[in-house]
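Input: a single structure, listed below in structure tokens.
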Amino acid sequence: MTGPERDKWIRRNRYYYQCLTNFLRFSIPEGSRILEIGCGTGFLLDRLKPAYGVGIDSDPDLVRHAAAKYPHLRFHAMDAETLTLGETFDFVLISDTIGYFHDVQRVLEEVQKVCSPETRVIVTYINFFWLPLLNLAETLGLKMPQKRQNWLDLSDVANLMDVAGFDVVKTGKKLLLPRYVPLLSWFLNRIVANLPLFNYFGFITFMVARSMRGRKPAAEHTVSVVVPARNEMGNIEAILRRTPEMGAGTELIFVEGNSTDDTWGEIQRVVKNYAGLRNLKCVQQDGRGKGDAVRKGFGLATGDILMILDADMTVPPEDLPKFFNAIASGKGEYINGTRLVYPMEDQAMRTLNLLGNKFFSVAFSWLLSQRLKDTLCGTKVLTRENYQKLAANRAYFGDFDPFGDFDLIFGAAKLNLKFIEIPIRYRARTYGETNISRFKHGWLLLKMTAFAMGKIKFI
């Protein structure tokens, strides 16, 4: 099929391609370095607005057509089973082409050549469930004629990813009605398609994966532990003494905010007394809320890995190496503590708080397409590089989260980071009182969850 003929079919089915583009734009920010394998006429690559875009296709005629139409992008006539590009990309896109590869495993092994540990490989293809309707549409002249292909389900592609050295981050299906029908298309595709059970029938199957090769040895990583502290005067020195050294070096950053006791004075005393013995920083936050304190601390941090440790020490500082090992080894990229696996100490969490956390665990696991059992555990860990990417894209969600938990969770989900949970034994606080209001803050969390549905799921 010639380039102009393919463009004609894209125009005839522009609603489907627009939905596909919108979905991919959520995961691929403008200005990224993108490689598209099986680029065809270059339509999709251009729509994603890369800063540097490269497309390859085995059909030289389609490549010439794409190069003429989109001179700001680079195109190569190249077999995906023998990549010779010699560079890495932020994203590798394989859209509606994986079923046509002669040897899918070989292609994915070749894709490793253009991946860094931060690269995300995004695969989309048509759900096999739709095959009879697609054949009918092709017979009726409503769909682009296609060559015979391999029909792979998610487990097939996930297995091939694993064999080729990739780790699957998330999977799912989108789109129930690939043709435009006023109102009905919006309702089915934005709402119903994302609901349990109905999601099984989605037209588009997608998978996001990351390379597990070429990662920095754990011992070379430095660590910054940010400690937001409000009315925690009695815990400051214990935090310093109990927080272990990790990796190539650990800095402790105390961020005090709006205390009514002498927390700030205690922080200054401890930092002065332990100067030269530990790498310490301290600062007072400008605004209010834990989220503001965390952002202040992360802005001062110099470590490769960023950690949050609540000053109430309900998560023991001695558990932090578990989080370090999980992220430094590459097992996960966003490490979240969970208090809901091991039995808790008496009085560690009130009954209503426990029920609320269980509700949010179910809601968020569905919302993010990754397991997240405890959204509100204060200990969260990610790399400084990924945090900087998250902060640069914060405008998508806005500055809406006074706690800081959802800001990080939603941002990490949009970056397609791999979530890993570390069970901890949640302790009752030994000093002070909780800063959480069950009903006021619970209502706020519900509103933020509803807001996130429109920004993450119902798109």
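Would you be able to say whether some residue in region 203-213 is assigned to a helix (DSSP H, G or I), surrounded by 21 or more Cβ atoms within 10 Å (Cβ to Cβ) and either not hydroxyl-bearing (Ser, Thr, Tyr) or not assigned by TED's automatic domain parsing to the domain that holds THR124 (or both)?
In the first step, residues of region 203-213 are kept if they are assigned to a helix (DSSP H, G or I); the result is none.
Within region 203-213, none of the residues are assigned to a helix (DSSP H, G or I), surrounded by 21 or more Cβ atoms within 10 Å (Cβ to Cβ) and either not hydroxyl-bearing (Ser, Thr, Tyr) or not assigned by TED's automatic domain parsing to the domain that holds THR124 (or both).
Applying the condition of being small (Gly, Ala, Ser) and surrounded by fewer than 24 Cβ atoms within 10 Å (Cβ to Cβ) to region 298-327 and asking which residue is nearest to VAL227 (Cα to Cα) yields ALA301. If only residues of region 416-444 that are among the hydrophobic types (A, V, I, L, M, F, W, C) and surrounded by fewer than 21 Cβ atoms within 10 Å (Cβ to Cβ) are counted, the one that is modelled with the lowest pLDDT is ILE436. Every listed requirement among (1) surrounded by fewer than 22 Cβ atoms within 10 Å (Cβ to Cβ); (2) modelled with pLDDT of 95 or more is met by ARG14 save one, (2).
On the stretch given as region 233-274, residues that are at pLDDT 95 or above, within 24 Å of PHE403 (Cβ to Cβ) and part of a loop (DSSP other than H, G, I, E, B) total 1.
Of the residues in region 26-40, how many are part of a strand (DSSP E or B) and either in the same structural domain as ALA413 (by TED's automatic domain parsing) or surrounded by fewer than 20 Cβ atoms within 10 Å (Cβ to Cβ) (or both)?
Within region 26-40, residues that are part of a strand (DSSP E or B) and either in the same structural domain as ALA413 (by TED's automatic domain parsing) or surrounded by fewer than 20 Cβ atoms within 10 Å (Cβ to Cβ) (or both) number 1.
Residues of region 394-412 that are in contact with a Leu (Cβ under 6 Å, 6 or more places away or on another chain) and at pLDDT 80 or above: GLY411 alone. Screening VAL226 with (1) modelled with pLDDT of 95 or more; (2) part of a helix (DSSP H, G or I); (3) within 24 Å of the chain's Cα centre (by Cα) gives one miss only, at (2). Using the structure shown, decide if VAL121 is under 27 Å from ALA412 (Cα atoms), among the β-branched types (Val, Ile, Thr), in the same structural domain as LEU20 (by TED's automatic domain parsing) and modelled with pLDDT of 95 or more. Yes: the conditions hold for VAL121.
The values are calculated or read from the model by the stated rules, or taken from the named source; none is laboratory data. Given the structure is predicted, the values throughout are model-derived calculations rather than measurements. Here the Cβ is made from the backbone with ideal geometry for all residues, glycine too, and neighbour counts use every protein chain on show.
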